[in-house]
Amino acid sequence: MKSEYLHILNRFGLDNQAKEIVPFGNGHINDTLKVVGSDGESRYILQRINHLIFTQVDILQNNIRVVTAHIRRKLEERGEPDVDRKVLTFLAAEDGKNYYYDGENYWRVCLMIPRSRSFERITPELSYQAGKAFGEFQQMLSDIPEGVLQETIPDFHNMEFRLRQFREAVALNAAGRLSGVQDLVTEVENRAESMCIQERLRREGKLRKRINHCDTKVNNILFDEEGRVLCVIDLDTVMPGFVLSDFGDFIRTGANTGSEDDEDPDRVRVDMDIFRAYAKGYLASARSFLTPLEVSLLPYGARLLTYMQTVRFLTDYLNGDTYYKIHKPNHNLIRTKAQFRLLLSLEAAREEMEGFIRSL
Ligand code: ADP
Ligand code: GN1
Ligand code: MG
């Protein structure tokens with residue numbers, strides 16, 4: 001495991017610094033490895049960028065450079081202590097770029113944030129802190145001038161686009177799996193129109209894009225030992241988007257009583273305590289810049305991102321598992337069913353959620 005990566009670390013000036021290099025985290029896209037130093041401490045995160053998905057690595061890594069420098073400056077300006085644990089630091093390769101291409105793969109290295117951890121499942125208190133942190137993250141990036149950050153994946157959270165991809169997958173039936181999922185296809189289609197509100201509101205000039213994280217999974221935030229937020233990580237998809245994406249994706253992942261790929265859909269439903277805590281934390285920091293329309297649509301954001309993920313997993317299942325890493329046969333179908341179950345639960349909780357947001 002170790003030797004195959006050593007020559008890559010050398011390109012970042014890390015000769016002979018690794019005792020062990022082991023897979024790390026639960027990401028579905030990139031390959032993440034942890035580099036353990038000779039003293040037994042985890043020192044670096046080495047990632048192989050999935051360049052079939054992030055096809056313009058130069059643009060991707062430039063976005064990350066801009067975002068991390070911007071956040072670092074903001075933290076320093078406000079006299080924040082311990083800045084190195086509150087923003088990611090990427091190492092320069094020998095040509096000065098923040099990634100290295102070995103002729104086949106793209107690699108990047110960042111400092112491991114010491115004494116930090118992420119969660120797949122959290123408490124309401126951590127959820128409140130995470131909400132505040134993601135609101136602050138959007139706020140800190142809000143003054144990056146338009147056009148500086150490019151869309152690393154065009155139309156990433158565009159629901160109309162995701163439905164077009166889905167319908168192509170249905171029409172093509174490339175893996176011959178359509179007959180087994182007709183019920184789910186019908187459920188998707190029944191909701192299709194009502195789930196494209198954002199794109200319609202944007203065309204009417206009522207909803208704008210802001211700089212968003214676009215992958216606010218619960219495990220993309222690092223906490224310290226005392227449960228304080230340290231750092232927002234996984235910055236590949238930071239780009240202009242709708243705030244409902246960032247709100248919704250946290251609820252989708254953090255407020256699920258089961259897991260994203262739960263084999264037992266009965267374990268899956270929305271945890272209202274986590275929802276309430278996150279909404280409270282998020283509005284505490286984001287209320288200052290959100291429009292009343294954005295605030296009122298937050299519960300819709302939770303349904304939208306869960307619906308979108310259902311559609312994306314089902315599309316990948318129909319295509320024969322070409323996008324997400326899978327770890328077992330039918331994994332994308334299991335994921336689809338678990339996400340759909342969460343969607344049903346969010347639909348049932350709609351009024352309760354809307355009432356809570358109004359009460360804040
Ligand atoms: P992926 O694209 O695979 O989701 P992430 O960048 O989110 O990759 O990393 C996967 C996991 O590794 C995270 O959930 C987190 O637990 C851990 N991790 C990533 N970067 C760091 C870091 N700089 N310091 C500490 N832990 C990290
Ligand atoms: C992917 O890399 P990771 O696991 O954080 C995906 C997200 C999905 C998520 C589903 C670039 O995120 O959009 O919501 O899986 N990232 C990309 O778990 O497609
Ligand atoms: Mg991640």
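Okay, residues lined up against (1) buried (at least 17 other Cβ atoms within 10 Å of the Cβ); (2) more than 16 Å from ligand 3 (Cβ to nearest atom); (3) among the hydrophobic types (A, V, I, L, M, F, W, C):
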{"residue": "Asn26", "(1), (2), (3)": "no, no, no"}
{"residue": "Ser38", "(1), (2), (3)": "no, yes, no"}
{"residue": "Tyr44", "(1), (2), (3)": "yes, yes, no"}
{"residue": "Val67", "(1), (2), (3)": "yes, no, yes"}
{"residue": "Glu80", "(1), (2), (3)": "no, yes, no"}
{"residue": "Gly103", "(1), (2), (3)": "no, yes, no"}
{"residue": "Cys110", "(1), (2), (3)": "yes, no, yes"}
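Can you confirm whether Ile64 is within 16 Å of ligand 2 (Cβ to nearest atom) and over 20 Å from Glu104 (Cβ atoms)?
yes
What are the residues in the range 36-61 that are more than 15 Å from Tyr101 (Cα to Cα) and either away from ligand 1 (no atom under 11 Å from the Cβ) or in contact with a Pro (Cβ under 7 Å, 6 or more places away or on another chain) (or both), if any?
Answer for the range 36-61, where residues must be more than 15 Å from Tyr101 (Cα to Cα) and either away from ligand 1 (no atom under 11 Å from the Cβ) or in contact with a Pro (Cβ under 7 Å, 6 or more places away or on another chain) (or both): Val36, Gly37, Ser38, Asp39, Gly40, Glu41.
In the range 122-142, how many are in contact with a Ser or Thr (Cβ under 8 Å, 6 or more places away or on another chain) and either in a loop (DSSP other than H, G, I, E, B) or away from ligand 1 (no atom under 16 Å from the Cβ) (or both)?
Residues that pass the stated criteria total 5.
Quick one: count up the residues across the range 202-229 that are touching a residue at least 60 places away in the same chain (Cβ under 8 Å), within 22 Å of Asn50 (Cβ to Cβ) and part of a loop (DSSP other than H, G, I, E, B).
2
The conditions are (1) more than 16 Å from ligand 3 (Cβ to nearest atom); (2) within 23 Å of Cys214 (Cα to Cα); (3) surrounded by fewer than 24 Cβ atoms within 10 Å (Cβ to Cβ), and Pro329 fails exactly one of them. Which is it?
Condition not satisfied by Pro329: (2).
Does Ile59 satisfy being in the same structural domain as Asn98 (by TED's automatic domain parsing), of a type in the set (A, V, I, L, M, F, W, C), in contact (Cβ under 8 Å) with a residue 60 or more places away in the chain and not in a strand (DSSP E or B)?
Here the answer is yes, as Ile59 does meet what is asked.
Could you check the range 230-337 for helices (runs of 4 or more DSSP H) lying wholly inside it with 2 or more residues that are aliphatic (A, V, I, L, M) and farther than 24 Å from Phe356 by Cβ?
In the range 230-337, the matching helices (runs of 4 or more DSSP H) lie at 298-319.
Inspect all residues belonging to the range 46-53 and state whether any of them is within 16 Å of ligand 2 (Cβ to nearest atom) and over 26 Å from Pro240 (Cα atoms).
Scanning the range 46-53, I find at least one residue that is within 16 Å of ligand 2 (Cβ to nearest atom) and over 26 Å from Pro240 (Cα atoms), so the answer is yes.
Looking only at the range 187-208, count how many residues are surrounded by 13 or more Cβ atoms within 10 Å (Cβ to Cβ) and among the acidic types (Asp, Glu).
Result for the range 187-208: 3.
Taking Pro145 and the conditions (1) modelled with pLDDT under 95; (2) within 16 Å of ligand 2 (Cβ to nearest atom), which numbered condition does it fall short on, given that it satisfies the others?
Unmet for Pro145, out of (1) modelled with pLDDT under 95; (2) within 16 Å of ligand 2 (Cβ to nearest atom): (2).
Among the residues of the range 7-35, how many are in a loop (DSSP other than H, G, I, E, B), near ligand 1 (Cβ under 10 Å from one of its atoms) and out of contact with any Lys or Arg (no Cβ under 7 Å at 6 or more places or on another chain)?
Within the range 7-35, residues that are in a loop (DSSP other than H, G, I, E, B), near ligand 1 (Cβ under 10 Å from one of its atoms) and out of contact with any Lys or Arg (no Cβ under 7 Å at 6 or more places or on another chain) number 4.
So which residues in the range 151-201 are part of a loop (DSSP other than H, G, I, E, B), at negative phi and polar (S, T, N, Q)?
The answer is Thr152, Asn158.
The values are calculated or read from the model by the stated rules, or taken from the named source; none is laboratory data. Since the model is a prediction, treat every value here as computed from it, not as a measurement. Backbone-built Cβ (ideal geometry, glycine too); neighbour counts: all protein chains shown.
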